[in-house]
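Notes to accompany the following structure.
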Amino acid sequence: MILKRLKFNGQSFTVPVVLSVDGPGKFSVQFATRLKRNDFQSKREIVDKIMRSYSIKLAVGDIGYANDLSEVLQNEYGDKFICSRAMPKVNDKVRYNDNVFPTEIQFERDAHIAELFQLMKNGAIRFPFGNWEQISWLVDHC
């Protein structure tokens, strides 16, 4: 699960997204939603519900926007929850830092975006197109 803050039409939303690994370098979006409320309790409830419902093995929260949840979730879920932090430059494009609390992945923003676009171009990320009205906002944003 990924917990990220995204902008749509000038408004900012917290968006939890559940990805599954379909094979080497292949991913499927299992669930995504824009949270209507952005308070601590609402975010906490949806994360707990998703963790239970989808048997999440690893959740990643953007420390910049999920900072109010980061320590709480890492205390509760341990190694199943880590934070991420976009950086302008990182050696080897990504670095895992377990010398801080909460534990975080630091990644080079531009390299990460380029990799994501390449995965989408290659058809390696699948969106659940069964109900276009429910997923169109995410596809448009991506």
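Coordinate-derived values only; no laboratory data. Note that the structure is predicted; figures quoted are calculated from it, not measured. Neighbour counts are summed over all protein chains in view; Cβ atoms, including those assigned to glycine, are modelled from backbone coordinates with ideal geometry.
Rounded to the nearest 500 deg cm²/dmol, what is the calculated helix-only ellipticity per residue at 222 nm for the chain, with -39500 (n - 2.57) per DSSP H run of length n ≥ 4?
After summing the helix terms and dividing by the residues of the chain, the value is -10500 deg cm²/dmol.
Multiplying the sequence separation of Leu119 and Gln134 by 0.36 nm and subtracting their Cα-Cα distance, what value in nm do you get?
3.2 nm
Indicate, rounded to the nearest 5 percent, the antiparallel portion of the DSSP beta bridges found entirely in the chain.
55 percent
Express in whole angstrom the spacing between the alpha-carbon centres of the range 70-89 and the range 114-129.
After rounding, the separation between the Cα centres reads 24 Å.
Can you give the direction-averaged projected area of the convex hull of the alpha-carbon atoms in the range 5-142, in nm²?
9.1 nm²
Out of the chymotrypsin sites (Phe, Trp or Tyr not before Pro) in the range 22-53, which ones are loop residues according to DSSP with at most 15 other C-beta atoms within 10 Å?
Here no loop site has a sparse enough neighbourhood.
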